[in-house]
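J.: Take a look at this one; I'll ask things after.
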Amino acid sequence: MFLIIFVEGDTEDKVLTNFLAKWLNEKLPEKLIIRTVNFKGYANLYKDAALKAYMHLKGPRSKELVAVVGLLDLYGPTFFPEGMDSVDEKYRWAKQHMEDKVGSPRYRQHFAVHELEAWLLSDPSIFSAAISRGVGKVAETPEKVNFNQPPAKFLNNLYLEEINKTYKKVTEGNRLFAKLNPEIVREKCPYFKLFTDDIYNLAMEHIKNNKN
């Protein structure tokens, strides 16, 4: 069985497969293969998700496919209704909006709040000592590092201040996610927990249906 995740950028494309498999394949009774499709920007994912999801869900291997899951950063997209400020309101509205847009029960939409790098902020120990001190200030509630200074910018400012280097999203992200324990992220990031719980439940449903 396999899962397809629609992503918006190179960092997600490089790190999500192994990172999610670390947690899921310890929990699931059968191995789940995870594949990413990189749309090179949230606007492309928003525009083409329905067509691309249909191609996969109706394709020759559709019986092996658990689901297609979209993942976007909450920071960045501009399709929210005017005046919508609450994180939870944005998340739930956009999730429903995208799922309605695709129109299949086998498509799910989730968001990294506010960016994928928030997950890294949940564990200061994966960083060097100089960086971990700053990360420790936000590690208990990393999903609250918000639109004012989103997680990647927070890390970049911290890197510049502490070690006089910029934070390179793909290079550093790849190295740091290899060290990160998904269970810690689940404890600190409620929206990440929703995301991983949904994938787990979809996979378990797929296994159950294929046994009948």
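The values are calculated or read from the model by the stated rules, or taken from the named source; none is laboratory data. Just so it is clear, the model here is predicted, and its values are computed rather than measured. A quick note on method: Cβ atoms are made from the backbone with ideal geometry, for glycine too, and the neighbour counts reach across all protein chains shown.
J.: From (1) of a type outside the set (Val, Ile, Thr); (2) over 14 Å from the mean Cα position of the chain (by Cα); (3) within 30 Å of residue 58 (Cβ to Cβ), pick out the condition that doesn't hold for residue 89.
T.: (3)
J.: Among the residues of region 119-131, count how many are outside any helix (DSSP H, G or I) and either within 21 Å of the chain's Cα centre (by Cα) or β-branched (Val, Ile, Thr) (or both).
T.: Matching residues across region 119-131 total 4.
J.: Can you name the helices (runs of 4 or more DSSP H) wholly within region 1-117 that have at least 2 residues being out of contact with any Ser or Thr (no Cβ under 7 Å at 6 or more places or on another chain) and β-branched (Val, Ile, Thr)?
T.: The qualifying helices (runs of 4 or more DSSP H) are 10-27, 87-102.
J.: What residue, among those in region 132-152 that are in a loop (DSSP other than H, G, I, E, B) and at pLDDT 95 or above, is nearest to residue 121 (Cα to Cα)?
T.: Taking the candidates together, the pick is 139.
J.: I'd like to know if region 30-47 contains one or more residues that are without any contact (Cβ under 8 Å) to a residue 60 or more places away in the chain, touching a strand residue (DSSP E or B) at 6+ places or on another chain (Cβ under 7 Å) and within 18 Å of residue 191 (Cα to Cα).
T.: There is no residue in region 30-47 that is without any contact (Cβ under 8 Å) to a residue 60 or more places away in the chain, touching a strand residue (DSSP E or B) at 6+ places or on another chain (Cβ under 7 Å) and within 18 Å of residue 191 (Cα to Cα).
J.: Follow-up question, since we're still on this one. Looking at residue 186, is it among the basic types (Lys, Arg) and either out of contact with any Asp or Glu (no Cβ under 8 Å at 6 or more places or on another chain) or not assigned by TED's automatic domain parsing to the domain that holds residue 54 (or both)?
T.: yes
J.: If you don't mind, another one. Which residue out of 111, 127 is touching a helix residue (DSSP H, G or I) at 6+ places or on another chain (Cβ under 9 Å), of a type in the set (Phe, Trp, Tyr) and either free of Cβ contacts under 8 Å to residues at least 12 places away in the same chain or under 15 Å from residue 178 (Cα atoms) (or both)?
T.: Exactly one residue qualifies, and that residue is 127.
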